[in-house]
Structure formats: C-alpha cells, structure tokens
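**Q** Take a look at this one; I'll ask things after.
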Amino acid sequence: MNTLGMKTLFAKEVRRFMRVPGQTVLSPLISTTLYFIVFGYSISSRVKEVGGVPYLSFIVPGLIFLGIANNAFLNSSSSLFITKIQGTLVDLLVAPLGPGELLAGFIGGAMVRGLVVGVLTWAVAALFTGFNLQHAGVTAFFLLLSSYVFSLLGLLAAMWAEKFEQINFFPTFVMMPLTFLGGVFYSVRELPSPWSQISLFNPMVYMVEGLRYGMLGQSSFSPALGGGILLGLALVATGLALVALRAGYKLKS
Amino acid sequence: MSVPVLELQGLTKSYAKLTALSDVNLSIRQGEIFALLGPNGAGKTTLIGAICGLVKKTSGRILLFGKDLDEDPVGPRYEVGLVPQEINFDPFFTVAESLHIQLGYYGRPRDEARVDEVLTALNLQGKKDSLTRALSGGMKRRLLIAKALVHRPRLVFLDEPTAGVDVELRRDLWSYVRKLASEGTTIVLTTHYLEEAEELADRVGVINEGRLLLVEDKASVMRRFGERRLIVTFEQPPPALPEPAQRFNATLSEDRRTLTYVEREGTPPSGELLRELYAQGLPISDVETRRSRLEDVLIEILRGRPQKAA
Ligand SMILES: Nc1ncnc2c1ncn2[C@@H]1O[C@H](COP(=O)(O)OP(=O)(O)OP(=O)(O)O)[C@@H](O)[C@H]1O
Ligand SMILES: [Mg+2]
C-alpha cells in the first residue's frame with residue numbers, strides 16, 4: 001500500500017481546486033445563494049410552509065445536496081479528464097499507485113470540494129433561516145456519502161469520456177433534471193398525479209429527503225430509503241471504478 | 001549470473017488492425033545502457049509502454065527485477081523511471097513542486113536536497129520556482145528527465161530524451177547518463193540521433209515492424225556491420241589497377257584518379273594496402289579514410305543485409 005503516494009495525489013487534487021477558489025468554491029456558492037434568494041423569496045410569499053417547516057428552511061437541504069453533488073462530480077471528472085488530455089496521466093500510471101490509491105486520491109479531493117461547497121452553502125443559508133440540525137449522525141452520513149457517490153460518478157464519467165462535452169453529458173442531462181425534479185424546491189408528495197408517482201422513480205428524491213430528515217427532523221420518506229440507495233450506488237460504483245482502474249479501461253492503450 | 005533487471009518473454013501487442021510488438025524476447029542486464037533503435041512506428045514506445053504500465057500487452061511475460069508484472073503490477077514500479085516521448089506537464093505547479101509530487105507518488109517524502117541535486121544536474125536550478133508552463137520546450141523536456149530520475153530508480157527508460165534539447169545539454173545529459181550507469185542504474189533508451197546511441201550504448205537492439213531484429217554489443221555490431229573505406233587519390237592516374245590493389249579487391253574510379261578499398265571484418269586492414277601502394281612509389285596526393293557510423297549500420301540491418309551467425 002502506497003500511503004504516501006495516495007496522500008500526495010489527494011493533496012495535489014485539493015491544491016488544484018484551491019488554486020482557483022473563485023471558480024471552484026465561490027461561484028457554486030453564489031449560484032446556490034441566488035437560487036436560495038430567488039426561489040426562496042418568490043415562492044415563500046405564496047407557500048409559507050411545507051409539512052410544518054417554513055419554506056425557506058425546507059429548501060436548504062436540497063440546495064446543499066445540489067452543491068455537493070455538482071461540485072464533487074465536477075471536480076473528479078474535470079481533474080481526471082484534464083489529466084488524460086494533458087498527458088500527465090502517464091505519471092500516475094507509471095508510478096506505483098494501484099487502483100485503490102488512485103481512487104482514494106481522486107475521490108478524496110473531489111469529496112473535499114463537494115463538502116466545502118455544501119458546508120458553505122449551509123452557512124449562507126443559516127444566515128437566512130437559522131441553523132437547523134436535528135440528527136447530526138444522519139446528516140453527516142448523507143453529506144459524506146453523497147459527496148462520495150458523486151465523486152465516483154464523476155471519475156467514471158471522465159474515464160469513459162473522450163471529448164470534453166461528454167463529461168458534461170451526465171451533469172446536464174441526468175443530474176440537473178433529476179435534482180431539480182427531485183424535490184429540492186417542493187415536496188414530491190404534493191405534486192399532482194401522475195407526477196407524484198413518476199417522481200418516486202427518481203433516486204435523488206430519497207437522497208434529498210434523507211438529508212432533509214437529518215437537518216429538519218422530518219421528511220416524506222424514511223431516510224433509510226435514501227441511505228440504502230446511496231449505499232447501493234456507492235458499492236456498485238466503487239466496484240466498477242476499481243475494476244476499470246485495474247484494467248486501465250480507456251486509460252491504457 | 002544475477003537476475004536480469006528486465007526480461008521480456010514473447011511480448012506481443014496487437015491493436016485492432018496492427019501488431020505493434022510481435023514475440024519480443026529481451027533480457028537487460030544490471031547497469032548497462034541499452035539503446036533500442038528503429039524507424040518511426042517500429043514499436044519502441046509501445047515496448048516501453050507495455051513495461052511501464054501504459055500499454056496492455058496482448059500476450060507474453062514481463063519480469064521486472066525478477067518479478068512477473070502479472071503477479072505484482074505495482075511493486076516493481078517503485079524502482080522504475082520513465083521519460084515519455086511526449087512532453088507532458090501540469091501547468092499549475094512549479095518545477096520544484098512537480099518534483100516533490102513525483103517523489104510522493106513513489107512513496108518518498110519531500111526532499112529539498114534531492115530536488116536541488118536533480119535540478120542542478122539538468123541545468124534547471126534557475127527555474128526552480130517557475131511555473132512549468134513558463135518553461136521553453138527544451139526545458140520542459142529536461143524537467144521530464146528530472147521527474148523520471150528524482151526518486152533514484154534502478155531502471156530508467158528514456159524515450160527520445162534529447163529530442164529538442166540543445167547541444168550543450170545533450171552533452172551534459174550524456175555524461176550524466178554515463179555516471180548513472182556507472183553507479184549501477186540500468187538505462188534503456190530510444191533515439192533517432194544515432195550519434196547518441198553510438199556514444200552511450202553498451203548494447204543495441206534493432207526493432208522494425210514490432211520485431212526485434214538484432215540484439216548485440218555495440219562494439220560487435222560495429223565490427224560486424226561497420227566498414228572502413230580507404231580512398232586514395234593519385235596525382236597521375238596509373239595506367240591500370242596497381243597489383244596490390246587487385247589483390248585487396250580495391251576498385252579504381254572511372255577517371256582512374258581515385259582508388260577505393262572497403263575494409264570489413266575479415267578483410268586485411270587498409271593500412272597494409274596503403275603501405276604497399278607507397279612501397280610501389282605511386283604518386284599519391286591524398287589519403288582519406290571513412291568509418292561507417294551506427295547510422296549506416298542501422299540502415300544496412302533494416303535493409304536486411306544477410307547476417308552471419310554470431
Ligand atoms: N493506441 C494505438 N492504437 C493503435 N495503434 C497504435 C496505438 N499506439 C501505437 N500504435 C501503432 O503501433 C505502432 C508502433 O508505434 P510506436 O509508438 O511504438 O512506434 P515508435 O517505434 O515509438 O515510433 P517513433 O520513433 O515514431 O516514436 C505504430 O504503427 C503505431 O501507429
Ligand atoms: Mg516512439
């Protein structure tokens with residue numbers, strides 16, 4: 001086990017995004033803050049509460065989830081993809097870094113970025129709504145696991161992608177719509193039929209609800225559902241990534 | 001005999017439409033400088049890539065320091081360094097940072113002294129704190145070499161290390177490579193500057209279309225394939241080919257002014273012919289000898305000049 005090699009890659013990944021904090025941390029923070037202000041204020045004038053929670057507080061967990069998922073994904077996908085394109089992947093492949101070390105380094109860095117954005121979003125939101133944390137353990141579980149899962153998905157996307165636009169495919173056409181339709185801004189329970197039923201197939205719904213349970217203490221679905229989905233995804237994606245890295249899928253010729 | 005540093009057994013790499021390496025067998029000894037020569041597309045980079053984990057081999061075995069890479073793909077790589085043919089750099093890091101990161105990848109802690117040492121050896125100490133993207137092309141290649149050496153590998157692959165490097169540094173690099181080899185580092189290099197191979201290599205391998213055509217001591221290749229031409233110019237053309245020249249199988253030019261003798265392995269030395277010509281009192285105005293270079297030898301081998309059994 002090359003612990004130092006793994007730590008070096010991790011530290012390099014963190015430094016990579018910290019070198020341009022405006023782009024990697026501040027800009028996502030501003031856009032989630034804008035969501036918060038625009039959606040929050042325009043809708044909360046009509047919708048006062050959702051399930052007994054003030055509307056502004058209701059949307060906070062979803063926005064945090066959005067920040068984590070997007071930034072974790074973006075970090076690992078862009079980092080690995082750039083490494084492939086600029087040829088520095090050679091350094092990683094020649095070095096004594098096994099699949100586990102590569103995975104930990106890339107994913108660790110991406111998780112840090114996702115969590116930094118998530119926690120800062122939370123801090124900004126707390127200025128508007130006050131600080132809500134009902135179940136610290138559940139909240140930590142969802143924060144960590146969602147950053148882990150989306151970092152992994154980003155890594156897989158970058159391995160598969162050959163063109164830059166391909167790594168944007170997943171965030172634009174899958175993650176964005178699913179998250180926006182995933183009950184960030186409303187409760188899917190209150191949607192009219194058949195949207196309410198259709199939404200039940202959206203895995204993001206359960207992840208957002210899980211985090212909502214952790215922070216606000218109540219949600220439409222049991223957090224165990226979201227937790228189960230995240231764990232399942234984490235296991236499958238970890239397995240896939242390790243196998244792909246070991247085989248050098250699209251990394252070695 | 002000690003375990004070879006590197007051993008390839010039946011190494012084969014096939015792409016969809018082309019076999020880049022076919023049944024390559026090779027054994028590299030500790031501390032030698034081995035030059036892998038061949039035309040563009042011969043398979044040199046592919047061969048190095050297969051050993052360094054950049055190319056997935058189709059079949060065959062690769063043993064690094066006696067360990068089969070199929071059984072342990074990671075362990076032996078602590079002791080390997082590669083200067084890739086293509087320049088790569090991470091534009092966000094400085095020269096020194098790149099080297100520290102490289103040390104880390106190889107499981108070694110930060111080491112300012114070592115980084116300084118390598119930078120000095122490659123004439124980059126003045127650029128220590130520059131961002132890598134601010135380096136000139138030749139400097140980027142030097143950084144690539146520094147990165148491949150900073151963790152003190154026992155086996156170093158140099159894939160065209162001096163492409164685009166200026167004359168002075170090329171000389172410096174050659175002496176550095178020789179120093180490394182004398183300290184026990186094993187070097188495998190590819191180059192299109194045959195002068196470089198001639199200067200450095202203990203052994204050469206010639207590869208073409210994925211096949212290793214020849215592996216031999218450089219001195220012995222030069223002896224077997226190399227030739228020395230003796231060219232004698234006369235003041236007055238002799239009426240006919242002088243007798244000793246006939247015996248030596250030398251040839252006279254059409255205007256009978258120049259005599260050419262090709263000395264190869266097994267033929268009498270050209271000095272002998274020259275002595276006999278002088279002894280005859282022929283009016284010689286100029287004498288020139290031309291020794292073939294590795295370049296000429298390589299062309300001969302690639303053209304498939306019939307090879308004697310070694
Ligand atoms: N990824 C790939 N897919 C298909 N063919 C490839 C690939 N990489 C290399 N080749 C082919 O394999 C052959 C060997 O290429 P290689 O790069 O090993 O040559 P080389 O001897 O290093 O040449 P050069 O002196 O130009 O660097 C070439 O015909 C090349 O086109
Ligand atoms: Mg090459």
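**Q** Could you tell me the distance between the Cα centroids of region B:45-94 and region B:118-178, to the nearest Å?
**A** So the two Cα centres are separated by 19 Å.
**Q** Ok, one more. Measure nothing fancy, just the Cα-based angle from helix A:223-247's long axis to the longest principal axis of chain A, in degrees from 0 to 90, nearest 10.
**A** It works out to around 10 degrees.
**Q** Follow-up question, since we're still on this one. Kirkwood-based Rg over Rh for region A:115-253 (C-alpha set), two decimals?
**A** We get a ratio of 1.01 for region A:115-253.
**Q** Right, next: Whole Å is fine, so just give me how far the alpha carbon centre of region B:1-40 lies from that of region A:76-146.
**A** Taking the Cα centre of each part, region B:1-40 and region A:76-146 sit 41 Å apart.
**Q** For A:SER79, what charge total do you get from the other residues with a beta carbon under 13 Å from its beta carbon, if Lys and Arg give +1 and Asp and Glu give -1?
**A** Value of the local net charge: +4.
**Q** Continuing with this model, one more query. How compact is region B:224-310 by the rule of thumb for globular proteins, expressed as Cα Rg over 2.2 N^0.38 Å?
**A** So the Cα radius of gyration is 1.21 times the expected 2.2 N^0.38 Å.
**Q** Further question on the same structure: Give the relative contact order (percent, whole number) for region B:6-223; include only Cα pairs under 8 Å separated by 6+ residues.
**A** Reported relative contact order: 30 percent.
**Q** Okay, moving on. If R0 is 45 Å, what FRET efficiency do you get for A:LYS48 and A:GLU162 from their C-beta distance, rounded to 0.05?
**A** The computed FRET efficiency comes out at 0.35.
**Q** Do you know the relative contact order of region A:3-247, to the nearest whole percent, from alpha carbon pairs under 8 angstrom that are 6+ apart?
**A** Value for region A:3-247: 26 percent.
**Q** Could you pull out every residue, at least 5 positions away or on a different chain, whose amide H is within less than 5 Å of the one on B:ALA35? Hs are placed 1.01 Å off N in the peptide plane, and Pro or chain starts have none.
**A** Here B:LEU189, B:ASP202, B:ARG203, B:VAL204, B:GLY205 satisfy the definition.
**Q** Could you tally the net charge around A:LYS12, taking each other residue with its Cβ under 10 Å from the Cβ of A:LYS12, Lys/Arg +1 and Asp/Glu -1?
**A** 0
**Q** Kindly express, to the nearest 10 degrees and within the range 0 to 90, the angle between helix A:99-129's C-alpha long axis and the longest C-alpha principal axis of chain A.
**A** Around 30 degrees separate the two axes.
**Q** Among DSSP bridges having both ends in the protein assembly as shown, what percentage is antiparallel? Round to the nearest 5.
**A** The antiparallel proportion sits near 70 percent.
**Q** Given the protein assembly as shown, what whole percent of its Cα pairs are spread farther than 36 Å?
**A** Tail fraction, whole percent: 51.
**Q** Considering the dipole of the protein assembly as shown built from charges on the beta carbon (Lys and Arg +1, Asp and Glu -1) around the Cα centre, which of A:SER193, B:GLY66, B:LEU135 is farthest to its positive end?
**A** Of the options given, the answer is A:SER193.
**Q** Which values of log₁₀ I(q)/I(0), to two decimal places, follow from the Debye formula for chain B at q = 0.09, 0.11, 0.12, 0.16 Å⁻¹ with a uniform point scatterer at every Cα?
**A** The Debye formula, applied to the Cα set alone, gives -0.57, -0.76, -0.85, -1.25.
**Q** Regarding chain A, what is the average projected area of its C-alpha convex hull, in nm²?
**A** Over all viewing directions, chain A projects a mean Cα-hull area of 13.6 nm².
**Q** How many Cβ atoms of partner chains, on average, are near each residue of B:51-62 if near means within 10 Å of its Cβ?
**A** 3
**Q** On C-alpha positions alone, give me the angle between the axis of helix A:203-216 and the longest principal axis of chain A, in degrees, nearest 10.
**A** 60
**Q** While we're on this one: Given a Förster distance of 30 angstrom, what is the FRET efficiency for A:LEU235 paired with B:ARG61, based on the Cβ-Cβ distance and rounded to 0.05?
**A** The formula returns an efficiency of 0.30 here.
Values in this text are rule-based calculations from the coordinates and carry no lab data. Being a predicted model, the structure only gives us computed values, none of them experimental. Using ideal geometry, Cβ is built from the backbone for each residue, glycine included, and neighbour counts are taken over all protein chains shown.
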